[in-house]
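One structure is given here, and the rest of the page talks about it.
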């Protein structure tokens, strides 16, 4: 027979979204991705392709790949860093997150693919100017 405490713990655990289930939405996934470094690394396709598109001052695009050992934790939440406001737009139908730096020209797309019942970051595209 379960104690009342065990029953309460079980109910609380069931209220949390399951990141490996069909019920977990892409915005919920992005929130977890931005809060948990271990979860984040498990949901990135390494080596991760990063593309920086040429600006008015550069003649060509740059492409490089980041290994898992080189990865630095990122957050895809709205924030203010060193006085610059960053806004993140989550596109649930295309599985993309766009990072925009207010009044800075920063425009970075984080592209995710659906993989089974979850998502995986497979490419970062920097359109900043």
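Read the figures in this text as sums done on the coordinates, not as results from a lab. Since the structure is predicted, the reported quantities are computational estimates derived from the model, not experimental observations. Glycine gets a Cβ as well: all are built from the backbone with ideal geometry, and neighbour counts include every protein chain shown.
Efficiency by 1/(1 + (r/R0)^6): what FRET value for residue 62 and residue 107, r their Cβ-Cβ distance, R0 = 22 Å, to the nearest 0.05? Let's see the in-between values first.
On the way: r = 16 Å, r/R0 = 0.71.
Taking R0 as 22 Å, the efficiency between residue 62 and residue 107 is 0.90.
What do the square roots of 5 times the Cα gyration tensor eigenvalues come to for the range 45-105, in whole Å, largest first, as semi-axes of the equivalent ellipsoid? Present the calculation step by step, with values, prior to reporting the outcome.
Details: eigenvalues 89, 68, 39 Å².
That gives 21, 18, 14 Å for the three semi-axes.
Sort 80, 30 so that the residue with the fewest other Cβ atoms within 10 Å of its own Cβ comes first and the one with the most comes last. Write out the running numbers ahead of the final one.
Details: 80 9, 30 22.
The fewest-first ordering by Cβ neighbours comes to 80, 30.
Which FRET efficiency value, to the nearest 0.05, do you get for residue 123 and residue 24 by plugging their Cβ-Cβ distance into 1/(1 + (r/R0)^6) with R0 = 30 Å?
Values: r = 22 Å, r/R0 = 0.72.
Rounded to the nearest 0.05, the efficiency is 0.85.
Fully extended, how many nm does the chain gain between residue 42 and residue 72 (0.36 nm per residue separation, minus their Cα-Cα distance)?
On the way: separation 30, 0.36 × 30 = 10.80 nm, distance 1.31 nm.
Stretched out fully, the residue 42 to residue 72 stretch lengthens by 9.5 nm.
Got a sec? How would 119, 64 order by Cβ neighbour count within 10 Å, fewest to most? Could you put the intermediate results ahead of the total?
Numbers: 119 18, 64 10.
The fewest-first ordering by Cβ neighbours comes to 64, 119.
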